Amino acid sequence: MPVCAFLSISNTEGWFIDDDLVHPYLEEFGWTVQNIPWDQETDWNRFDLVVIRSPWDYQDHLTEFLRVLYKINQSKAILLNSLELVHWNVNKSYLFELESKGVELVPTIKPTILQLADIRNAFEVFQTDELIVKPQIGANADDTFRLKKSDEASWNTVLPYFKNKVGMLQPFMNSVIEEGEFSLMYFKGKLSHTILKTVGKGDFRVQEEHGGGVIPISSPETKLIEAAQKALAALPLEPFYARVDLVRTPENTFALMELELIEPCLYFRFDPNSPRVFAELLDEFWKNSQVITTSTTS
């Protein structure tokens, strides 16, 4: 009986985690499956697959997290997504590589060290009255701030958060407030389901942990799907799972916010078929990997 670990977080209180919806289907296919906190001492050789699912504090312990993934990668377990993709995706500078391949981004400036002059310059470059400042390595909208051009006094309160980390500057996209942010979930390169994440009252962030809402989208616009697929096609490797986050631009195109390949919430509870499909594809992936291993060693 093959054994699968879903890599998670030690304290799940306050988080919206629905990966358990996949468990019954994996068990139906003959698997044993466990949720394992990423920082729990574990013999990874006990597992056949380790799927990175909800280790949502990893950005605060990046060195340790990557060290754990390296240990998993050195064990007999197969890591999904791959360690190579994790290293590629962990730093948001990957966005500029995608942009060089023709993917439309939310306009972004990446300063080396965030200073007041960078903020002032970004307002001028983007010709906007509001900016978003976020860390180059981060998740869950942690240390993400909305700045107003008219409130220069508040800019200094942001800088301490970027004393030891690189910040990225973007114009605030009003469509996030007016409409929301679209997320398209892909399993093995095929679109599974689409949602629209909306902001909470009085906030600008779409994460449920910050009061955001979720609306299933049964028939996503063709150009939304085309934008997501263009981003996926520009990846250096094919991921097992991916979430593509896009926002509508003033020109009515869709710009990439993030292409999440490490530990994205996949919103299984908003599509009743997705947990079974995910489990089926994991089972199929595992069986195919065993065929390849057998043919290689024979």
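The values are calculated or read from the model by the stated rules, or taken from the named source; none is laboratory data. Keep in mind it's a predicted model, so treat the numbers as computed, not measured. Every residue, glycine as well, gets a Cβ built from its backbone with ideal geometry; the counts of neighbours run over all protein chains shown. Surface accessibility is based on the protein's heavy atoms, side chains included, excluding ligands, DNA and RNA. Shrake-Rupley method; radii C 1.70, N 1.55, O 1.52, S 1.80 Å.
Quick one: accessible area per residue over segment 187-284, 1.4 Å probe, rounded to a whole number of Å²?
42
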Please list, in chain and number order, the residues 5+ apart from residue 38 or on another chain whose amide H is under 5 Å from its amide H, with Hs placed from the backbone.
8, 9, 10
Over its Cα atoms, what ratio of radius of gyration to 2.2 N^0.38 Å does segment 115-254 give?
1.14
Enumerate the calculated ³J(HN,Hα) couplings along segment 124-130 in order (Karplus 6.51 cos²θ - 1.76 cosθ + 1.60, θ = phi - 60°), each rounded to whole Hz, writing x wherever the residue is Gly or Pro.
6, 4, 8, 6, 10, 9, 9
Quick one: P(r) of segment 177-274 from all Cα-Cα pairs, 10 Å bins, percents rounded to integers, in order of increasing distance.
16, 51, 30, 3
Over the Cα atoms of segment 218-276, what Rg and Dmax result, in angstrom?
12.5, 38
Got the relative contact order for segment 58-154 handy, in percent, Cα pairs under 8 Å and 6 or more residues apart?
20
What is the helix-to-structure angle for 62-74, meaning the angle in degrees between its Cα long axis and the longest Cα principal axis of the chain, kept from 0 to 90 and rounded to the nearest 10?
20
What fraction of the Cα pairs in segment 1-144, stated in percent, has a spacing above 21 angstrom?
56
Applying the Karplus parametrisation 6.51 cos²θ - 1.76 cosθ + 1.60 with θ = phi - 60° to the phi angles of segment 85-101, what ³J(HN,Hα) value in whole Hz is obtained for each residue in order, glycine and proline being reported as x?
5, 4, 4, 5, 8, 5, 10, 5, 5, 4, 4, 6, 5, 5, 4, 5, 9
What is the pair-distance distribution P(r) of segment 47-117, computed from all Cα-Cα distances in 10 Å bins starting at 0, with each bin given as a whole percent?
16, 38, 29, 14, 2, 0
Positive end of the charge dipole of the chain (Lys, Arg +1 and Asp, Glu -1 on Cβ, about the Cα centre): tell me which of 82, 158, 37 has its Cα farthest that way.
82
Go ahead and estimate [θ] at 222 nm for the chain from helices alone: -39,500 (n - 2.57) per DSSP H run with n ≥ 4, summed, over the residue count, rounded to 500.
-8500 deg cm²/dmol
DSSP beta bridges in the chain, what fraction antiparallel, as a percent rounded to 5?
70
Count the lysine pairs in segment 47-192 whose Cα atoms sit under 23 Å apart, keeping only pairs 8 or more residues apart in sequence or on different chains.
23
Between residue 33 and residues 5 or more places away or on another chain, which pairs have amide H atoms under 5 Å apart, with H built 1.01 Å from N, and which residues are they?
4
Relative packing of peptides 263-276, 29-42 - highest average C-beta neighbours within 10 Å first
263-276, 29-42
Pairwise label distance in nanometres, residue 153 with residue 46, each label 7 Å out on the Cα-Cβ vector
5.6
To two decimal places, what compactness ratio does segment 129-183 give when its Cα radius of gyration is scaled by 2.2 N^0.38 Å?
1.18
Computed magnitude of the charge dipole of segment 148-253 (debye, nearest 20; Cβ of K, R +1, Cβ of D, E -1)
260
So, how do all the Cα-to-Cα distances of segment 1-81 break down into 10 Å bins, in percent, from 0 on up?
19, 52, 27, 3
Report, to the nearest whole %, how much of the accessible area of the chain belongs to carbon and sulfur atoms, 1.4 Å probe, protein only.
50
Let me know the charge dipole size of the chain about its Cα centre in debye, to the nearest 20, where only the beta-carbon of Lys, Arg (+1) and Asp, Glu (-1) is charged.
500
For q values of 0.23, 0.30 Å⁻¹, compute log₁₀ I(q)/I(0) with the Debye formula on a Cα-only model of segment 10-53, without solvent.
-0.97, -1.26
Of the options 272, 172, 214, report the single residue whose Cα projects farthest towards the positive end of the charge dipole of the chain (beta-carbon charges: Lys, Arg +1; Asp, Glu -1).
172
Could you tell me which of 257, 93, 187 has its Cα farthest along the dipole of the chain towards the positive end, charges placed at Cβ (Lys, Arg +1; Asp, Glu -1), taken about the Cα centre?
93
Karplus-derived 3J(HN,Hα) from phi for segment 233-249 (6.51 cos²θ - 1.76 cosθ + 1.60, θ = phi - 60°), whole Hz, x at Gly and Pro, runs 5, 8, 5, x, 9, 7, x, 6, 9, 7, 10, 10, 9, 9, 10, 7, 8
With +1 on each Lys and Arg Cβ and -1 on each Asp and Glu Cβ, how big is the dipole of segment 223-289 about its Cα centre, in debye rounded to the nearest 20?
140
Quick one: which residues, 5+ away or cross-chain, put their amide H under 5 Å from the amide H of residue 213? H built at 1.01 Å from N.
198, 199, 200
